[in-house]
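Each remark here refers to the structure printed beneath this line.
Where a number appears in this text, it was derived from the coordinates with a stated rule and is not lab data. Here the structure is a predicted model, which is why all the values come from computation and not from measurement. Reconstructed Cβ throughout: ideal geometry from the backbone, glycine too, with neighbour counts over all protein chains shown.
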Amino acid sequence: MTQGRGTGGSGQVAVIRRRFLLGVWLAAGVLLLWRTADLQLVQGSEWRAEAERQHRMTTAVPAARGTVLDRGGVPLALSHEVFRISVAPHEVRDTTATVERLGEVLGLAPTEAARPFQNSRRWVPLAGRHPPAVRDALSSMRGVYVERELQRFYPHGELIQGVLGAVIDEEGRGGVEQAFDEHLKGAPGAEILARDSEGRAIPGESWLVEPPLTGGQVVLTLDADLQEIAREALRDALERTGARGGDLVVTDPRSGEVLAMVSTGEGGGGSLGGINTPYEPGSTLKPFTVATLLSTGKATMADSVDTEHGQWTVAGRTITDVHSPGKTDLAHALQVSSNVAIAKLSARLTSAELYEGLRDFGFGAPTGVHLPGEVSGRLTRPQRWSSQTPASLAIGYEIGVTPIQMAMAYGALANGGTLMEPRIIRETRDSAGRIMEEFEPRAVRRVVSEDVAAEINRTLVGAVEGGTGRRAQLATFAVAGKSGTSRAHGPGGYERGAYYASFVGFFPAEAPQLVVFVKLDRPQGEYYGGATAAPVTRATMEAILAAHAPPLDRQALAAIARNQAREVEDSEDASIRPYPESGMVEGAPTPRFAARTLDGFPDEARGSTEAASGSGLEGEVEEGRVLIPDLSGVTPRTAARRLHGIGLSVRWERPGPVGATDPPAGTYATPGDTIRILGMEGPPGRSGGGDGG
């Protein structure tokens, strides 16, 4: 009986165990079914989306950056589509065919096309960027991946690089690229790419869901042809003079438009020295000192000043002239660039008047040009001046100016006395070319009256025709301008024997259309601005006149040329033609006012002779000498033009119509000699010049 009860107990335990296990299995099954239903029915959409995400990805499609154009619509900066090629060797089934195809489409040598298959790397990018044609040729090949890129392209190379700037890591850096980055860069689009199990994009499996928006356009005031002319003129000057670098700026004084801006340093082109590198201008600042004297009524052009043999000591500093003009008037002092005369007369101005006069012309403040990195230059307030500062400022020292400031200040003299804001952006457009914003000319302030500006301009014409700027003369049009020579700064102060040579001129003087600024950094040998920078101005003007479609009013120029021709013809009666028509300087062209074309820039000995061969004015020649004509009664400018035309230099001795010349009419002179023009008015005894210009 006992044994039977034991056996029955074991059976019950086994039944309970089986029932428990069955319950567990049933519970697990129910749980599994519940979980399956939850995953399939409740969470199914989420997991399907996750699977889709793992096999597809959304990426940004870069937008093409907008185009930068010159004033005539010539592209200066644009974006174009290029493609980068990569190979996944382990995915390629037919290596030989792939190598042949790569070589054929990409123009690769067999060894270069086979390079991806010569190592164990799973991903091998090929060198170079390729045109869109490779996309269709290679995108269907297994194991070959074609990736699109947008590349910034500058068709003119370094020609306008300083103004344009660059694009680095898809951001504008410097110049227009930085200033208008938001407008140019556009808006990226979006596309979906299919990916394999290893996360790589599957070729041909992509869907564009949002197209990119191309960036807007920016139209500059620059002229690509004038920019090329300026660059070549500056490059030739650097080679000829051995200068370390230089700047050349061309502007329209009426609108303030910048037509060309080139800066070159020791490291090459592509800088923005025209707006961010100030220098001490020297004598090119003197016209603004004189304009302040005239505007305040502290002096007139006829005021006399004694230059004391070319030396004057003020506040313990001795100011000198290279050549003393003796006792002279203000007009002549400016033409021959007398440091002593200008410094002496500027003492009539109070510190506030001198400071405000220079400040009104834009010195010591940014011009507002639409480019990043512009500096203000340096114009110290009178409270911080030393006793020597007023005299230094008057002749262009103790002040720092930028080339763009100087060009705009001379533009104010050229246009009748109004300082204009420099304008380098004409307009912005959207990607379809519709105008979004126009940048109109903006006058900053009236600096001097029209009468004062006209007086300064007449004097600056004299500075070119008989003063320190003779090498800037044009055969056809009168040029107004001023040369300057100033000491160059180094890390420890002024460098011994180092100078900046500069010249600023505008033409035609009667109704100026262009201002040309030139500065050379440390020219070797002959370093005066009149000898080194003035010829660059002339070469630039001549090339602009000869250009196919320069931004000039040709009708106005033609009218001025006709008026000047009549002026000369009216003065050429029998009494002032002591030479036969057949007696011509060798090489002189027959037509009057022929445009000059010069090979390089003439040196001092050749300058006046070459001017004769380009002027169309002829004189009797005897064994290398020319006969001085009778110029009695003609205007000084006509007399200077005729004497320059036969190869002679000119020095004006007295104002007014010509009374006589020294040497006198009827005698012979050697080309290059200096002839004194003795006017019928004013005191005699003026000669020489100031800082050498």
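What the table shows:
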{"quantity": "Ascending count of other beta-carbon atoms within 10 Å, so fewest first, for TYR494, TYR500", "calculated": "TYR494, TYR500"}
{"quantity": "Förster radius 51 Å - calculated FRET efficiency between VAL74 and ARG121, Cβ distance, rounded to 0.05", "calculated": "0.70"}
{"quantity": "12 Å beta-carbon shell around LEU379, net charge (K/R +1, D/E -1)", "calculated": "0"}
{"quantity": "Restricting the stretch 230-309 to GluC sites (Glu not before Pro) in coil, as DSSP defines it, with at most 11 other Cβ within 10 Å", "calculated": "GLU266"}
{"quantity": "Gyration tensor verdict on the stretch 59-220 (Cα atoms; rounded if a/c is under 1.5, prolate if a/b is larger than b/c, oblate otherwise)", "calculated": "prolate"}
{"quantity": "Gain upon complete extension [THR320, ALA166; 0.36 nm per residue less C-alpha separation]", "calculated": "50.8 nm"}
{"quantity": "Neighbour-count ranking [beta-carbon atoms within 10 angstrom, fewest first] of THR241, THR58, THR532", "calculated": "THR58, THR241, THR532"}
{"quantity": "Charge sum, other residues only, whose C-beta stays under 9 Å from VAL258's C-beta, Lys/Arg counted +1 and Asp/Glu -1", "calculated": "-1"}
{"quantity": "Difference of contour (0.36 nm per residue) and Cα-Cα distance, ASP662 to ARG101", "calculated": "193.5 nm"}
{"quantity": "Surrounding net charge for SER431, when Lys and Arg each add one and Asp and Glu each subtract one, Cβ distance under 15 Å", "calculated": "0"}
{"quantity": "Two-site FRET efficiency, SER431 against GLU147, from Cβ-Cβ distance with R₀ of 22 Å, rounded to 0.05", "calculated": "0.40"}
{"quantity": "Packing-based ranking, highest mean first, of 514-521, 324-331 given that Cβ atoms within 10 Å are counted", "calculated": "514-521, 324-331"}
{"quantity": "Cross-link pairs LYS286/LYS327; LYS298/LYS327; LYS298/LYS519 - those with Cα-Cα distance over 24 Å", "calculated": "LYS298/LYS519"}
{"quantity": "Likely footprinting exposure, SER45, SER255, fewest C-beta neighbours within 10 Å first", "calculated": "SER45, SER255"}
